[in-house]
Amino acid sequence: MIIFSVDYGDARTGMAVCDKNEILSSPLGVISESWAPKVIKALNKKIKDSGAQLIVVGNPINMDGTRGERSVKCAEFASQLEKESGVPVVLWDERLTTVSAHKALNTVDVRGTKRKNIVDAVSAVMILDDYISYRKNNK
């Protein structure tokens, strides 16, 4: 199944997609936009172009397991995205994904503006990889 992943943020939203065999996740880039309706419109085009059958939206749950303001905002965004895209959406716990993405980019020495422009796409890949691993281990 082709799965599309979203790391929704206030200023940038990262995107990733996997192949139909759920083996390889690839970054699709970043949408630099803060207004949710514009983000959803841009995502819908990418989702349609990818042929995605499922969308995974990162859910930034607090470290203690509670839902904060950002988690609530992501849930509302995911609901609207599902409604407008017509593709099922799953919220996925993304705790520490951005931290991991920054560490991965440190490893390959990506810094400055270039890092800012890709960290959210790398986070989307990590969210997707984690979700795919879960699917494979819980069939």
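The values are calculated or read from the model by the stated rules, or taken from the named source; none is laboratory data. What you are looking at is a predicted structure, and each value in this text was computed from that prediction instead of being measured. Because the Cβ atoms are built from the backbone with ideal geometry, glycine has one as well, and the counts that use them run over all protein chains shown. The area values use the complete protein model at the heavy-atom level, side chains included, leaving out ligands, DNA and RNA. Shrake-Rupley method; radii C 1.70, N 1.55, O 1.52, S 1.80 Å.
Greater than 26 Å separation of Cα atoms is the criterion. Which listed pairs, 38/136; 73/139; 38/139; 48/73; 45/136; 41/136, meet it?
Violating the 26 Å Cα-Cα cut-off are 38/136; 73/139; 38/139; 45/136; 41/136.
From largest accessible area down, sort 92, 35; use a 1.4 Å probe on the protein chains. Before the final figure, lay out the partial values.
Details: 92 45, 35 150 Å².
Highest to lowest solvent-accessible surface, that is 35, 92.
Collect residues whose amide H, placed 1.01 Å from N in the peptide plane, falls under 5 Å from the amide H of residue 61; neighbours closer than 5 in sequence don't count.
94, 95
Quick one: which residues, 5 or more positions from residue 2 or on another chain, have an amide H under 5 Å from its amide H? H modelled 1.01 Å from N in the peptide plane, none for Pro or chain starts.
Residues meeting the criterion, in which the H sits 1.01 Å from N, are 53.
Through the Karplus equation 6.51 cos²θ - 1.76 cosθ + 1.60, θ set to phi - 60°, convert the phi angles of region 75-84 into ³J(HN,Hα) values in whole Hz; use x for Gly and Pro.
Karplus values, whole Hz, x for Gly and Pro: 5, 5, 4, 4, 4, 5, 4, 4, 4, 7.
Among the aspartates and glutamates, which have Cα under 17 Å from the Cα of residue 20 when same-chain residues fewer than 8 positions away are ignored?
Here the aspartates and glutamates satisfying the reach criterion relative to residue 20 are 49, 129, 130.
Along the charge dipole of region 1-67, pointing to its positive end and built from +1/-1 on Cβ of Lys, Arg, Asp and Glu, which listed residue (5, 30, 51) has its Cα farthest out?
My answer, from the dipole projection, is 51.
Hey, any idea what % of region 1-79's accessible area is carbon plus sulfur with a 1.4 Å probe?
55
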